[in-house]
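Novice: Take this structure, written in structure tokens, and hold onto it; I'll ask about it next.
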Amino acid sequence: PVLRAPRVDRIDRAAFEAEGRAVPTEREAEALEFVGVGSAVPGHEIAVVDDEAVAVPERVRGNIRFRGPSSFKGYFRRPDATAEVKQPDGWVDTGDLGYIADGELFIVGRSKDLIIKGGRNYHPHEIEEAAATVPGIRQGCVAAFADPDPENGTEQIVVLAETRERDRQARDLLVAHVIEAVSARVGVPPDRVVLCRPGVVPKTSSGKIQRRESKRIYLAGELDAGRASFARQVFGLYLASLPTRITAAARAAARGLYGIWAACAIASVIGVALAVGHVIPGGRAARRFARTMSRLAMRLAGLLPRTIGVERLPPGPAILVANHSGYLDFLICAAALPSGIRFVIKAELRRSRLLGPVLQKVGHVFIDRHSTSNALADLDGIVELVRAGERVVVFPEGTFCPEIGLRPFKLGAFRLACEAGAPIVPIAIRGSRRALRDDTYLPRHARIDVEVLDAIAPDGAQIADVVRLRDRAADEIAAHLDEPRLFAANIALRRGPGE
């Protein structure tokens, strides 16, 4: 797209203030200027309507409404307020006034801030800008609003302006200059100009003038009410936030103490398990011992997983595939699944003097990810194990990352299933990432669930059959997680529009 400068519309002041018609003019002295904000983005609609919700012609002022997928659902727990601005057909009343010219929207102000005097409409921001040009009036600290005048059936224009000037004669001169500046700008003098000390005109946190609040304190006679200094206001806010800060600090301390306890508990149990694992016999006895120690470690840490659907595990050979989202996934599966299972582990751990011998004794299998020939030999060994009736656990994502979501599955485990003729058993692990995610060191307390899903039998050994088996397993696991699928766009492109 080509960027262009915002369009400025110069219109006749008299026609706009009296009739609400945005008539273009070249006479700068008698003109109003508004900046265009563009047209509606795709999928959205903008309309300018009158008080009866009937669309007005172009270059006629009205209430701005819009609808589309970006519109808000409503005010939190305020259905009455929502009903005031949102219609059943989806149109939202923005509360702004504006007009459309050549398809482009021009916003002229807020409907509630509009000042009506003598049958003409005046916009507060223009009055405020004129008053702020007077030397001695603080820039950006002027509020203009209407004060009803029941006797004349109209409204009076009130200008509330901040100044540091204290001398009475100088202040009277400032009032005269403000009246003169506003009259020259909008064609009518303000009925009242009220000077106040700095800090009286209320603003939002973003620095916008709060006209309605200015009107309230003016009518309530609170302009001279004492206001605390900036330092006292900051200190007051700090004191008000202390309970929240103390609560947050206490929770952080509790999380830290729990994390230290859980990490020490897990490390201690693993240390004992490794020491014993070097001397006990290997095979099924070692796997039962490993499961017992895994459950003990997770129980002491308060993270013992809840197992769901373990009866769905087939009695014979199978390849179990689980999502991988945290450092504890190995312990989680070891604690939640039956003791007879084996894990597929990266070959680097085989070279560890501390872990390698124990993992081999327990019967877990290694795969070399950095050598194609070694990897193929390792895969053939896993196929033979499965054909011999063993159940093997694989994390098909290969690794995990700080990003929340299910990563794409690699094909290795599913090719093994197709070659061995063994079913794939999807397993959904929930809560592991919250308990100990990537780039963290202390566990957090979290509920962990391990859900065994229905087995999926392979229906061929071709590459298309492997991919289809992989996708079915990924879909099943994703459907039972509360995390999004990463790279979902690539998955959709791979499958095509009809799948």
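Novice: Keeping all protein chains in the complex and leaving out DNA, RNA and ligands, what accessible area do you get for Cys418 with a 1.4 Å probe, in Å² to the nearest 10?
Specialist: 20 Å²
Novice: Of all DSSP beta bridges in the chain, what percent run antiparallel (nearest 5)?
Specialist: Looking only at bridges with both residues in the chain, the antiparallel portion is about 65 percent.
Novice: How much solvent-accessible surface does Cys401 expose, in Å² to the nearest 10, with a 1.4 Å probe and all protein chains in place?
Specialist: Looks like 20 Å² after rounding.
Novice: Can you list the lysines whose alpha carbon sits under 24 Å from that of Lys117, skipping same-chain ones fewer than 8 residues off?
Specialist: Cα-Cα hits under 24 Å: Lys215.
Novice: So what's the net charge close to Arg437: Lys and Arg +1, Asp and Glu -1, counting the other residues with Cβ under 12 Å from its Cβ?
Specialist: Here the charged neighbours net out to -2.
Novice: Please give the Cα centre distance for the stretch 397-420 versus the stretch 7-29, rounded to the nearest Å.
Specialist: Value for the Cα centre distance between the two parts: 65 Å.
Novice: Contour minus end-to-end for Leu411 and Asp93, with contour as 0.36 nm per residue of separation and end-to-end as the Cα-Cα distance?
Specialist: 109.2 nm is the gain from fully extending Leu411 to Asp93.
Novice: How far is it, in nm, from the label point at Ser241 to the one at Ala446 when both lie 7 Å from their Cα along the line to the Cβ?
Specialist: Reported label-point gap for Ser241 and Ala446 is 2.8 nm.
Novice: To the nearest 10 Å², what's Lys410's accessible area with a 1.4 Å probe?
Specialist: Its accessible surface works out to 120 Å², give or take rounding.
Novice: Right, something else. Go from 0 up to the bin containing the longest alpha carbon distance in the chain, width 10 Å each, and give me the % of pairs per bin.
Specialist: 3, 13, 17, 13, 10, 11, 13, 11, 7, 2, 0
Novice: What do you get for the angle between helix 463-479 and the principal long axis of the chain? Use alpha-carbon atoms, 0 to 90 degrees, nearest ten.
Specialist: Approximately 60 degrees, to the nearest 10.
Novice: Sticking with this structure for a sec: What does the charge count near Asp113 come to, summing +1 for each Lys or Arg and -1 for each Asp or Glu among other residues with Cβ under 11 Å from its Cβ? Walk me through the numbers before you get to the answer.
Specialist: Values: positive: Arg110, Lys112, Arg211, Arg212, Lys215; negative: Asp96, Glu128.
Summing Lys and Arg as +1 and Asp and Glu as -1 gives +3.
Novice: From the backbone phi of the stretch 307-323, what are the Karplus-calculated ³J(HN,Hα) couplings (6.51 cos²θ - 1.76 cosθ + 1.60, θ = phi - 60°) in whole Hz, Gly and Pro given as x?
Specialist: 9, 10, x, 5, 5, 7, 5, x, x, x, x, 6, 10, 9, 10, 10, 5
Novice: Less than 24 Å apart at the alpha-carbon level, and either on another chain or at least 8 residues along: which lysines does that give for Lys208?
Specialist: Leaving aside lysines fewer than 8 places away in the same chain, those within reach of Lys208 are Lys112.
Novice: Give me a comma-separated list of calculated 3J(HN,Hα) values for the stretch 420-427, in order, Karplus coefficients 6.51, -1.76, 1.60 applied at θ = phi - 60°, integers in Hz, x for any Gly or Pro.
Specialist: 7, x, 9, x, 8, 10, x, 10
Novice: Below 13 angstrom from the Cβ of Cys418, what's the summed charge of the other residues (Lys, Arg +1; Asp, Glu -1)?
Specialist: Details: positive: Arg387, Arg415, Arg468, Arg470, Arg472; negative: Glu419, Asp459, Asp465.
Charge balance near Cys418 sits at +2.
Novice: Here's a follow-up. Ordering His278, His364, His44 by accessible area with a probe of 1.4 Å, largest first, what comes out?
Specialist: So, going from the largest accessible area down, we get His278, His44, His364.
Novice: Just to make sure I understand: if all protein chains stay in place, what is the order of Arg447, Arg110, Arg255 by accessible area at 1.4 Å, largest first?
Specialist: If we order Arg447, Arg110, Arg255 from most to least accessible, we get Arg447, Arg255, Arg110.
Novice: Considering only protein heavy atoms and a 1.4 Å probe, what is the carbon-and-sulfur percentage of the accessible area of the chain?
Specialist: Summing carbon and sulfur atoms, their accessible area is 56 percent of the total for the chain.
Novice: Further, regarding this structure: Check the straight Cα-Cα distances from Lys73 and name the lysines below 21 Å, setting aside those fewer than 8 residues away within the same chain.
Specialist: Hits, sequence-local ones excluded: Lys86.
The values are calculated or read from the model by the stated rules, or taken from the named source; none is laboratory data. The structure displayed is predicted, hence computed values, not measured ones. Positions of Cβ are generated from backbone atoms using ideal geometry, with glycine treated the same way; all protein chains shown enter the neighbour counts. We work out accessible area using only protein heavy atoms, side chains counted, and drop any ligands, DNA or RNA first. Shrake-Rupley method; radii C 1.70, N 1.55, O 1.52, S 1.80 Å.
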